[in-house]
1. On the accessible surface of the chain, probed at 1.4 Å, how many percent belong to carbon and sulfur atoms?
2. Semi-axes of the equivalent ellipsoid for the chain, please: Cα gyration tensor eigenvalues, times 5, square-rooted, ordered largest first, whole Å.
3. Compare the peptides 37-48, 69-80 by average per-residue count of other Cβ atoms within 10 angstrom and give them in order, highest first.
4. Answer rounded, prolate or oblate for the stretch 25-65, using the Cα gyration tensor with square roots of eigenvalues a ≥ b ≥ c: rounded when a/c is under 1.5, else prolate when a/b is larger than b/c, else oblate.
5. Report the residue, chosen from 19, 84, 62, that carries the largest GNM mean-square fluctuation when the chain is represented by alpha-carbon nodes joined by springs under 10 Å.
Amino acid sequence: QVQLVESGGGSVQAGGSLSLSCAASGSTFSINSMGWYRQAPGKQRDLVATISRLGSTNYADSVKGRFTISRDNARNTVYLQMNSLKPEDTAVYYCNAVTWGGVDDWGKGTLVTVSS
């Protein structure tokens, strides 16, 4: 099993930047892809970005060109740099890890609030 702990959430004004981190522990050797999802109040949890162990990335259209996902395999950590933030980016951001066997693990989430 993999444990995930997010950090870096907070409040920022529109146009600002925030950086999120997610540190994995436990059976980290089993992790294939890692990523970030977000859930706004009253809405479903949606994909933000994912990154494979080899560095292939995938982004939601709504964040392309503004957010950057990166990964440090030696530190078992995934990052999300968020620039040009908009009020609609306000959500709880969850770290996700998918093992080679297809098992999903989730962090507890970190709140990002963007004010206009």
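The values are calculated or read from the model by the stated rules, or taken from the named source; none is laboratory data. Just so you know, these numbers come straight off a predicted model, no measurement behind them. With ideal geometry, Cβ positions are generated from the backbone for all residues, glycine too; neighbour counts draw on all protein chains shown. Ligands, DNA and RNA are stripped out before the accessible areas are found, and what is left, the full protein with its side chains, is counted by its heavy atoms. Shrake-Rupley method; radii C 1.70, N 1.55, O 1.52, S 1.80 Å.
1. Summing carbon and sulfur atoms, their accessible area is 49 percent of the total for the chain.
2. 24, 14, 12
3. 69-80, 37-48
4. oblate
5. Most flexible of the set in this elastic network: 62.
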